[in-house]
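Data block below; observations after.
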Amino acid sequence: MLIQLAVSGMRSKLKDYIVLLAGLVMSIAIFYMFQTMAWNTGFIKENAVINSIRLVYGVGSFLLALVTFFYILYANGFLLSLRQREFGLYMMLGARKEKIGRLMLIETIVVGVCSLVIGTVLGVLLSVVVGHLMSNILEIELSGYYPLYWPAVLFTCLFFGVLFLISAVWNRLRLARRQVLQLLNGNMQADRPARGGAARVLMTIAGCISLGIGYFCLVFMEQLRELGLLTATVMTPLGTYLLFMALLPALLDRLKKNEKRMLRGMKSFTFGQLSFRIHGLTKMLATVAMLIALGAGAIAGGLAFMNNALVAAESSSVYDTQVHNPNQEQLRLLNSITFTERLEYHYKVDHEMLYFVQEELESQRPLIKEEYNSKSWNRLIRIQGPPPAGSSWNGDYSPDPQWNQFLLDMTPNDQPYGEYRVVNKQQFEELASKEQRIVLGKTADFLSYKAKWRELDRLEQEKLDAAQSNWTVYSKFSIYENYLGIASGTVFMGFFLGIAFLTMMASCLMFKILTGAAKDIQRYQMLRKIGVRRERLAGSIRHELLLVFLFPGLAGLSHVLVGMNLFSFILVEPYYRIWVPVAIFTMIYSVYYLITVNLYQRIVLPGKE
Amino acid sequence: MTKPVIDIRQVSKLYGGKHENKVYALNNVSFTMVEGEFIGIMGASGSGKTTLLNVISTLDQATEGTVMIAGTDITRMKSGQLSDFRAKQLGFIFQDFNLLDNLTVHDNIALPLSLQDVPAAEIKQKVKHVMENLGIAELADKYPATISGGQRQRTAAARAIVHEPALLLGDEPTGALDSKNATSLLETMKKLNEEQNISILMVTHDAMSASYCRRILFIQDGRLVKEIVRLGPRESFYQEILGVLSEYGSARSSGE
Ligand SMILES: Nc1ncnc2c1ncn2[C@@H]1O[C@H](COP(=O)(O)OP(=O)(O)O)[C@@H](O)[C@H]1O
Ligand SMILES: [Mg+2]
């Protein structure tokens, strides 16, 4: 009988169960998608640019498992909160505690099994879709990637099976500890006094130390390597949790007191609301912060790998294209590109020697890299010195390293020795061999002309094929493409995980919204009755949620900014264009904030009259 | 002499943890209630009425003292036994009706029986009986959200007595009702008490409600401070209650 009653109770809260199930299903699907890659060694080896890739996946799995663990506990807490009033009533009417406990256990397990089945299926489907989408967007091939990968299915089921069992037992224990009255009164808990001074100071110190160690390891990742990676993985989340638990309530108290002095009516209600529930929120917000760090970090990492292709290309040569003896078609294409700088030189080749015209070089001084290493690839200077008359080959030439760098870069591929001689116009004309021509061009943005470069490479390849040469095109664009090809798997993983983590973050915050909503409906109705305008209530909600969103957002971003050092031993410049992922994240987060505010206002505010 | 339904001796209840201020919500309370009595408990808010009721109703434990209900010492019982005890011996009516909004009025009333796995035919017959008794038979298939406050409270009352408990407990059962609905609920309770000999213990701070009782205990700061018994008509009892209230009310406010 009790079971029938419980099922009918569940049905009446279908909406909340759908949210709960959706959150669980998403986290399982995400976990599964990660596992399809983590267990597929073939795919990883083929697609990753990182040597210690197994370790990276080990660490990734650990972090994901850790966050998922807290997430599941939180979700199950939500489950308990959905049921406690009803269970309290049953107990008041004389249902035995053990019976209710068993019911809770069964319910947790049923919810777990349902979400596990749906989640795994969804995970497989999502893997197919995301795989296709990503390889289209990023213009990459994913070889060896299987959406349905049995070891991943097995591991996911095992992992979540254990997790659900733990949380079922945990829920049962919590239920057993509570008095009937506590259950009946539901979330009507007294405001717990802020944690005692000593405990808080201790937690703050421990949190600072942990976070400090974590950040230290991230900053000196290049030196500490594997050890640093492991330490940072453990210490950073630990520090985050400790600091959130110790500082957030205190911080809110401070804010509240400040606001009180200013006596601005609605705000004191807003802060009252927040500090009333902040104790229950700290762990969730810390989890959200970690999820943000992981999500934004994964996207930033993926983008960094993509950017690294550009860095690799840019450091290979200063000019975006160089075409030797362009034919009609190539010329037409070159003319259709807006170059910020277009240079044209003539040269002649005899035996193994290249001849350049001194006057031409003098009148068109090129740009070169300030230093010839990859770290300073984007610092360019124009050659100031005179073009060296004479040859690089016989002794009458004092090598000018700047011109040397440039002229060697210009040497055609079939001239591998790269000996050259700079002669004046007259000498040049007297040379018997055929005059040849090279066009160099630099645009404002290499990436916005990808189609043109591809076409130029194709035409060049045609030319090479026609000449029955064994050479393949070697251009800045081909370097870019090659690099992107190697990194694509990694870029894909980054985006994939980023989206996954951000989705989990979203559902974490959604639980918060829904657990609070029932009580808030009454509060806001009461305020409305005593004459507070709807707009002010709406404002209060905006304000409250802004603070809820702000703290984990800031903490998460700070983790990302420090954490990008993680890639410093793989990437030339992990921080290159870091504002792009930060902007992407900020946008997603803001949109999500607005949606949440809207949703919450719709749930708790009385309708417009 | 009739046997006691409630017999509590030197009961105290202390609130507050290690680091908080300790509050005696109940301080050395003793009283006895015999079968068939209709007792009211009155007092200012915060005086300990709800706490007393919760201790009697086994929902909360006393810090000290013994609580005997229907001849059993509930302070010695285990949680399972307490549940069974509540299921068989006690009925509750609270200020907020505590109905499940996903069950019909009929199913809400049937809840104490169906939780005990009473056969369906018997449930049907018993629920029908109480619903007719309380004049809500025509509401059987409605949901709590679609009926009035008075009807909800009568549904709660029906649920509280459907299993024929030894003791009916009410915590401000009329608190959320207007005077017409309150009166009708009180008349119902009076009827139950007089015709079916159900013992009723009701907490209230409203003198009109209290005037339906046969005996009233006054509580102040966790102590029982006065007791009056109805001897004459309800009207004069009402006046007497008002007198006691003003006496203790003023004593209290001058003490603060
Ligand atoms: N859960 C609790 N924790 C701490 N103090 C409580 C709790 N419940 C009640 N009290 C205190 O016990 C006293 C009596 O409360 P209560 O029995 O609810 O009063 P009444 O029902 O007469 O208004 C009050 O001072 C109240 O503050
Ligand atoms: Mg009370």
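The values are calculated or read from the model by the stated rules, or taken from the named source; none is laboratory data. Not measured: the values here are computed from a predicted model. Quick reminder, even Gly has a Cβ in these numbers, built from the backbone with ideal geometry, and neighbours come from all protein chains shown. Just the protein is used for accessible areas: all its heavy atoms, side chains included, with ligands, DNA and RNA removed. Shrake-Rupley method; radii C 1.70, N 1.55, O 1.52, S 1.80 Å.
Quick one: angle between helix B:234-255 and the longest Cα principal axis of chain B, in degrees between 0 and 90, rounded to 10, please.
Taking the Cα atoms of chain B, the angle to B:234-255 is about 50 degrees.
Give me the 1.4 Å probe accessible area per residue for chain A, excluding ligands and nucleic acids, in Å².
Accessible area per residue: 46 Å².
Heavy-atom accessible area of residue B:129 with all protein chains present, probe 1.4 Å, nearest 10 Å²?
Rounded to the nearest 10, that gives 110 Å².
Residue by residue through the range B:47-55, what is 3J(HN,Hα) from phi via Karplus (6.51 cos²θ - 1.76 cosθ + 1.60, θ = phi - 60°)? Round to whole Hz and write x for glycine and proline.
After applying 6.51 cos²θ - 1.76 cosθ + 1.60, I find 7, x, 4, 4, 4, 4, 5, 5, 5 Hz.
Compute the convex hull volume of the Cα atoms of chain B, divide it by the residue count, and report the result per residue in Å³ as a whole number.
146 Å³
Accessible area of the protein assembly as shown with a 1.4 Å probe: how many percent of it is carbon plus sulfur?
The value for the protein assembly as shown is 58 percent carbon and sulfur by accessible area.
Structure shown: which of B:3/B:128; A:369/A:476; A:99/B:88; A:442/A:476; A:99/B:78; A:283/A:512 lie over 19 Å apart, alpha-carbon to alpha-carbon?
B:3/B:128
Which trypsin sites (Lys or Arg not before Pro) from the range A:504-609 combine a DSSP loop assignment with at most 13 other Cβ atoms within 10 Å?
Those satisfying the criteria are A:533, A:608.
If DNA, RNA and ligands are ignored and the probe is 1.4 Å, what is the ranking of A:579, A:170, A:453 by accessible area, most exposed first?
Highest to lowest solvent-accessible surface, that is A:579, A:170, A:453.
May I ask you to list the aspartates and glutamates whose Cα is less than 14 Å away from that of residue A:267, ignoring any residue fewer than eight positions away on the same chain?
Here the aspartates and glutamates satisfying the reach criterion relative to residue A:267 are A:253, A:259, A:535, A:544.
Rolling a 1.4 angstrom probe over the protein chains, ignoring ligands and nucleic acids, what is the accessible area of residue A:281 in square angstrom, nearest 10?
10 Å²
Helix B:120-133 against the longest principal axis of chain B: what's the angle in degrees, Cα atoms only, rounded to the nearest 10?
60 degrees
Measure nothing but the geometry: give the 0 to 90° angle between the long axis through the Cα atoms of A:450-466 and the longest principal axis through the Cα atoms of chain A, rounded to 10°.
Long axis of A:450-466 versus the principal axis of chain A: about 40 degrees.
State the extension gain, in nm to one decimal, for the chain segment bounded by residue A:408 and residue A:257, taking 0.36 nm per residue of separation less the distance between their alpha-carbons.
That works out to 47.4 nm of additional length.
Among the residues of the range B:100-145, which ones have their accessible area go down by 50 Å² or more when all the protein chains sit together, as opposed to their chain alone (1.4 Å probe)?
Hits at the 50 Å² cut-off: B:100, B:102, B:115.
Working with all protein chains in place, sort A:122, A:133 by solvent-accessible area computed with a 1.4 Å probe, largest first.
Heavy-atom accessible area, descending, gives A:133, A:122.
So, taking all protein chains as they sit and a 1.4 Å probe, how much accessible area belongs to residue B:75, in Å² rounded to tens?
70 Å²
Which of the trypsin sites (Lys or Arg not before Pro) found in the range B:60-93 are loop residues per DSSP with 14 or fewer other Cβ atoms within 10 Å of their Cβ?
Values: sites: B:76, B:78, B:86, B:88; in loops: B:78.
Qualifying residues, ordered by number: B:78.
Stokes-Einstein D for the protein assembly as shown at 4 °C, 1.567 mPa s, Kirkwood Rh over Cα pairs, in µm²/s?
Working: Rh = 33.4 Å.
Once the numbers are plugged in, D ends up at 39 µm²/s.
Could you bin all the Cα-Cα distances of the range B:160-256 into 10 Å bins starting at 0 and give me the percent of pairs in each, rounded to whole numbers?
14, 45, 33, 8, 1
Ordering B:178, A:457, A:409 from largest to smallest accessible area (1.4 angstrom probe), what's the sequence?
B:178, A:409, A:457
Considering the Cα trace of the range A:95-136, what is its radius of gyration and what is Dmax, both in angstroms?
Gyration radius and largest Cα-Cα distance of the range A:95-136: 17.7, 58 Å.
For a quick protection proxy, order the peptides A:123-131, A:292-300 by their average other-Cβ count within 10 Å, most packed first.
Numbers: A:123-131: 18.1, A:292-300: 25.9.
Order by mean packing, descending: A:292-300, A:123-131.
What quantity of accessible surface, computed with a 1.4 Å probe and excluding non-protein components, is buried in total between chains A and B, in Å² to the nearest 100?
Answer for the A-B pair: about 2100 Å² buried.
Give the Rg/Rh ratio for the range A:321-473, taking Rg as the radius of gyration of the Cα atoms and Rh as the Kirkwood radius, to two decimals.
Using only Cα positions, Rg/Rh for the range A:321-473 is 0.96.
To the nearest Å, what is the center-to-center distance of the range A:424-474 and the range B:29-106, using C-alpha atoms only?
Measuring centre to centre over Cα atoms gives 95 Å.
Place +1 on the Cβ of every Lys and Arg and -1 on the Cβ of every Asp and Glu in the range A:321-473, take the dipole about the Cα centre, and give the residue among A:408, A:337, A:428 whose Cα lies farthest towards its positive end.
Working it through, the farthest residue towards the positive pole turns out to be A:337.
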